[in-house]
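Some notes on the structure that comes next.
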Amino acid sequence: TPTAKYLCHLIFSRINFSHFSASSVKCKLQGAARLPAFSMDGDYVIGGVFSIHNYMHTVKHNYTTMPEPLRIDSRELRFSRAMVFAIQEINNSSKLLPGITLGYQIHDSCGSVPMAVRVAFQLSNGLEPVFYTGNNCSQSGMVMGIVGESGSTPSISMSRVIGSFNIPQVSHFATCACLSNKEQYPSFFRTIPSDQFQADALAKLVKHFGWTWIGAVRSDSDYGNNGMASFLDAAQKEGICVEYSESFYRTHPRSKIQRVADVIRRSTAMVVVAFAASGDMKILLEELSREPSPPRQWIGTESWVTNPDMLRFTFCAGAIGFSIQQSVIPGLRDFLLDLPDTKVAASPVLTEFWEDAFNCRLGKSEKESVCDGTEDIQTLKSPYTDTSQLRITNMVYKAVYAIAHAIHNSACQKTNSTTQCDKHTRKVNFSQNGYDVSFDANGDPVATYELVNWQKSKIGSIEFVTVGHYDASLPVGQEFRINRNLTWVEGSTQVPVSVCTDSCPPGTRKVLQKGKPICCYDCIPCPEGEISNATDSPDCFPCPKEFWPNAERNKCFPKPVEFLSFDEVLGIILAAFSVGGACLAMITAAVFFRHRMSPIVRANNSELSFLLLFSLTLCFLCSLTFMGAPSEWSCMLRHTAFGITFVLCISCVLGKTIVVLMAFKATLPGNNVMKWFGPPQQRMTVVSFTFIQVLICTIWLLLSPPFPMENLTVYKEKIILECALGSAIGFWAVLGYIGLLAVFCFVLAVLARKLPDNFNEAKFITFSMLIFCAVWITFIPAYVSSPGKFTVAVEIFAILASSFGLILCIFAPKCFIILFQPEKNTKKHLMNKN
């Protein structure tokens, strides 16, 4: 409409006379923005926008002198020439657009947003010399589609202009994920994948090699800022921490670039992810090359990681990154090298390229050498002539063919409408030179990348080597694969380590350091009884009840089972004393039996003496039942055998005490008490006292018998196999009854200790009972406080100590007289008063 035309005119006027940047000034001075760099008429015209001129280094402008000319970017020049090649190839084709000639207008944006916007308006309006103010607003000068721009920020600016006119824009190198938004950029398409896919791929790459502590630098542009934002979001999901994230731009003052370089030098992160445009990355690497810096493993994006100009930074050897798949375009190299003098002279851009490449001037020059025609472009080493790895160039090639296929649609041909052409661009799906071209709903192609590694060749130069692939269309977990060995920083074959904290080994857990990212943590050993069996475990978990950690606390092993066994030293000693005590009792019995007719044996109630020796033998032997692994029968036997044999023993001692006491009472005139406590009564007393203990034990076994159990509470690291009492009342009833009889016996023995006669047995019984009571009184606290198998050892010790006390105090003096003092073994000696 006239209003729109007038608005465009106002904007053009503002762009022409407003100072947006130094690059726009330079570009206008060189005439690059107003006239196309390359052009050709045709039935349909396709526009092209490339950053043929660009900044090569940072310059501080004072706006008082003329800015120095921009240098030609040979790589971008190759892109523009590849577009010309593709259009000529289509025009020569009999299958695509037969009988129709495609034209082109290729402009240089100089990498400047204002220039890119100006070019977008020019391509939308044409170069008509007359400004139409009437209602008949012709679109005869409007291009059918635009290839470009190389950068995301200029592409965004262009798309906001031409999107209103529904002119399809197909970019070959603008990767910002923001451009997938069809609401803001409805007519934008691209043949290069969105940065969203590359950001996900980079995060998976970093995670694959175990790098959790990285640095990040980016271009301060839509490409760098949006791409890095996508990467950081994907990295966070993968558990990757970023030490720093710095932005810079090639037009920033050098102090800003130096600050970013210093951050990289001082950082602890070994790995640096650079989401930067190629021109920006050159500036940063040049700054880093001025001063030695610690080795860094660089991770690059498709923008710079396969740019041949970057290979001169040898300290980046070992860099890896994702790039567009390399390809082959038949005939392109011959076309690029076909630059006769007439063609070069006819194009200011080619002239400038020729003069810069060969350092001479076409035409007359007094100060510089003149090109004499001996220059050979065939031998020129330049990004323009390097067709060994056509990556982005193929994206330009495919973008031209995508627009051509859209024009080929019959509706597009009949209506000559860019609106229809835009619609049919969305439906493009074809294959050219074996490379598929199609767009999804967002105008993006299928994301496939090559993983490229900077490796040193045999001659010492650095070259790009494809070591893997990434295909976003494959199932999750299968997108990424590496099929060749990689070379890392400083030529190492070992994967560099880049972590804030070394991995926590099994047996420890991670504890985050206060105020630091989650990748910075301390490794704390697992608490007692807990393990962690994985690296970087966030928690430790307890072993099952019957298991205990090893010393490293990374495995649970069954707890050792402990009980008082016959194999250990303590068990052997106690068993030896037990058997020795039983043998001593039997030897004593043999001595008494051998001298059973002697006065000293007859005077001491031989029947009770033999029964006492028999019970003592059982007392010694019953201690053996407390050793070995407890079983159901051994648990019931050990306590009942102990209780019954000791009551039998004490009953015999009690009987002997009563006999002594009654015997001396019977010597008094008129006292006939012995007839009431003769041998039958003595036997009945022993049987009665023993029967009561048998009854107590029977009730105990019937109601709640002892049973074997695994004690897990005494020791955390081992299991104590012991006999549970079943009923504590039953156990203490057995001991209490034994203690009651012992106290009763002790009282009677004390009463009879001062009775006259040369041999008064009551004195020895008194000593034996004193020892017996002392042992069992001290047994109670020792038994309660002793842990594990030592509880059993204390009980055995008490049994043996009290048994030895009885046999030594009662029988040792008699055996000594029988064996060593036979002269005292007479009735006369025994009857003598003290």
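Of the conditions (1) touching a residue at least 24 places away in the same chain (Cβ under 8 Å); (2) in contact with a Cys (Cβ under 7 Å, 6 or more places away or on another chain), Lys555 satisfies every one except a single condition; which number is it? Failing condition for Lys555: (2). Arg481 satisfies every condition listed in (1) over 22 Å from Trp298 (Cβ atoms); (2) modelled with pLDDT of 90 or more; (3) charged (D, E, K, R) except (1).
Restricting segment 289-312 to residues that are free of Cβ contacts under 8 Å to residues at least 60 places away in the same chain and open to solvent by 10 Å² or more (accessible area, probe 1.4 Å), the residue that is nearest to Arg391 (Cα to Cα) is Arg312.
Answer yes or no: is there a residue in segment 194-210 that is out of contact with any strand residue (DSSP E or B) (no Cβ under 9 Å at 6 or more places or on another chain), among the polar types (S, T, N, Q) and either open to solvent by less than 10 Å² (accessible area, probe 1.4 Å) or part of a loop (DSSP other than H, G, I, E, B) (or both). Scanning segment 194-210 turns up at least one residue that is out of contact with any strand residue (DSSP E or B) (no Cβ under 9 Å at 6 or more places or on another chain), among the polar types (S, T, N, Q) and either open to solvent by less than 10 Å² (accessible area, probe 1.4 Å) or part of a loop (DSSP other than H, G, I, E, B) (or both). Only one of the numbered conditions (1) open to solvent by less than 20 Å² (accessible area, probe 1.4 Å); (2) assigned to a loop (DSSP other than H, G, I, E, B) is violated by Ile600, and that is (2). With the structure loaded, tell me whether Asp262 is free of Cβ contacts under 8 Å to residues at least 12 places away in the same chain, surrounded by fewer than 21 Cβ atoms within 10 Å (Cβ to Cβ) and part of a helix (DSSP H, G or I) or whether it fails that test. Against the criterion (free of Cβ contacts under 8 Å to residues at least 12 places away in the same chain, surrounded by fewer than 21 Cβ atoms within 10 Å (Cβ to Cβ) and part of a helix (DSSP H, G or I)), Asp262 qualifies. Looking at the structure I just gave you, is Thr212 out of contact with any Phe, Trp or Tyr (no Cβ under 8 Å at 6 or more places or on another chain), in contact (Cβ under 8 Å) with a residue 12 or more places away in the chain, of a type outside the set (A, V, I, L, M, F, W, C) and outside the structural domain of Lys516 (by the TED database)? Criteria met by Thr212.
Table: residues versus (1) in a loop (DSSP other than H, G, I, E, B); (2) open to solvent by 30 Å² or more (accessible area, probe 1.4 Å); (3) outside the structural domain of Thr791 (by the TED database).
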site: Ser688; (1), (2), (3): no, yes, no
site: Phe691; (1), (2), (3): no, yes, no
site: Thr698; (1), (2), (3): no, yes, no
site: Leu702; (1), (2), (3): no, yes, no
site: Pro705; (1), (2), (3): yes, yes, no
site: Thr713; (1), (2), (3): yes, yes, no
site: Ile729; (1), (2), (3): no, yes, no
site: Val734; (1), (2), (3): no, no, no
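Using the structure shown, decide if Glu632 is acidic (Asp, Glu), open to solvent by 20 Å² or more (accessible area, probe 1.4 Å) and within 25 Å of Leu661 (Cβ to Cβ). For Glu632, the condition - acidic (Asp, Glu), open to solvent by 20 Å² or more (accessible area, probe 1.4 Å) and within 25 Å of Leu661 (Cβ to Cβ) - is not met. Tallying residues that are buried (at least 19 other Cβ atoms within 10 Å of the Cβ) and not in a loop (DSSP other than H, G, I, E, B) within segment 481-498 yields 1.
None of Ile573, Ile600 is in contact with a Lys or Arg (Cβ under 7 Å, 6 or more places away or on another chain), hydrophobic (A, V, I, L, M, F, W, C) and assigned by the TED database to the domain that holds Glu717 except Ile600. Selection of first residues in segment 358-378 that are in a helix (DSSP H, G or I) and of second residues that are among the hydroxyl-bearing types (Ser, Thr, Tyr), restricted to Cβ pairs under 7 Å at least 6 apart or on distinct chains, gives the following pairs, ordered by first then second residue: Ile377/Thr385. When Thr617, Thr657, Thr640 are checked against the criterion of being of a type in the set (Val, Ile, Thr), assigned to a helix (DSSP H, G or I) and crowded, with 24+ Cβ neighbours inside 10 Å, Thr657 stands alone in meeting it.
In this structure, Leu285 qualifies as part of a helix (DSSP H, G or I) and open to solvent by less than 10 Å² (accessible area, probe 1.4 Å).
The requirement of being assigned to a loop (DSSP other than H, G, I, E, B) and either open to solvent by less than 40 Å² (accessible area, probe 1.4 Å) or modelled with pLDDT of 90 or more (or both) is not satisfied by Cys523.
Inspect all residues belonging to segment 744-755 and state whether any of them is β-branched (Val, Ile, Thr), out of contact with any Leu (no Cβ under 9 Å at 6 or more places or on another chain) and at pLDDT 80 or above. For segment 744-755, residues β-branched (Val, Ile, Thr), out of contact with any Leu (no Cβ under 9 Å at 6 or more places or on another chain) and at pLDDT 80 or above: present.
The single condition among (1) open to solvent by 10 Å² or more (accessible area, probe 1.4 Å); (2) assigned by the TED database to the domain that holds Met228; (3) closer than 20 Å to Ile392 by Cβ that Gly321 does not satisfy is (1). Can you find, within segment 39-53, the residue that is modelled with the lowest pLDDT among those that are surrounded by fewer than 24 Cβ atoms within 10 Å (Cβ to Cβ) and out of contact with any Phe, Trp or Tyr (no Cβ under 7 Å at 6 or more places or on another chain)? Once the filter is applied, the top-ranked residue is Asp43. Is it true that some residue in segment 294-301 is over 22 Å from Phe464 (Cβ atoms) and either at pLDDT 95 or above or not assigned by the TED database to the domain that holds Thr175 (or both)? Yes, because at least one residue in segment 294-301 is over 22 Å from Phe464 (Cβ atoms) and either at pLDDT 95 or above or not assigned by the TED database to the domain that holds Thr175 (or both). Scanning for something open to solvent by 10 Å² or more (accessible area, probe 1.4 Å), within 24 Å of Phe816 (Cβ to Cβ) and more than 60 Å from the chain's Cα centre (by Cα), does segment 644-652 turn up at least one residue? Checking segment 644-652: not a single residue is open to solvent by 10 Å² or more (accessible area, probe 1.4 Å), within 24 Å of Phe816 (Cβ to Cβ) and more than 60 Å from the chain's Cα centre (by Cα). Of all residues in segment 456-477, those satisfying the criterion of being within 18 Å of Pro308 (Cβ to Cβ) and assigned to a loop (DSSP other than H, G, I, E, B) are Ser457, Ile459, Gly460, Ser461. Considering the conditions (1) polar (S, T, N, Q); (2) touching a residue at least 12 places away in the same chain (Cβ under 8 Å); (3) surrounded by fewer than 23 Cβ atoms within 10 Å (Cβ to Cβ); (4) farther than 22 Å from Ala37 by Cβ, Ser347 is excluded by exactly one of them, (4).
Specify the residue that is nearest to Asn54 (Cα to Cα); the eligible residues are those in segment 75-107 that are open to solvent by less than 10 Å² (accessible area, probe 1.4 Å) and of a type in the set (Val, Ile, Thr). Only one residue fits best here, namely Ile106. The residues listed here are Thr508, Thr535, Thr501; of these, the one that is β-branched (Val, Ile, Thr) and buried (at least 19 other Cβ atoms within 10 Å of the Cβ) is Thr508.
When the test is whether a residue is open to solvent by 70 Å² or more (accessible area, probe 1.4 Å) and charged (D, E, K, R), Glu546 passes it. Restricting segment 439-468 to residues that are surrounded by 15 or more Cβ atoms within 10 Å (Cβ to Cβ) and without any contact (Cβ under 8 Å) to a residue 24 or more places away in the chain leaves a set whose member that is nearest to Phe197 (Cα to Cα) is Gly468.
The values are calculated or read from the model by the stated rules, or taken from the named source; none is laboratory data. Just so we're clear, the structure is a prediction, and the values are computed from it rather than from any experiment. Positions of Cβ are generated from backbone atoms using ideal geometry, with glycine treated the same way; all protein chains shown enter the neighbour counts. Remember, those area values only see protein heavy atoms, side chains included, never the ligands or the DNA or RNA. Shrake-Rupley method; radii C 1.70, N 1.55, O 1.52, S 1.80 Å.
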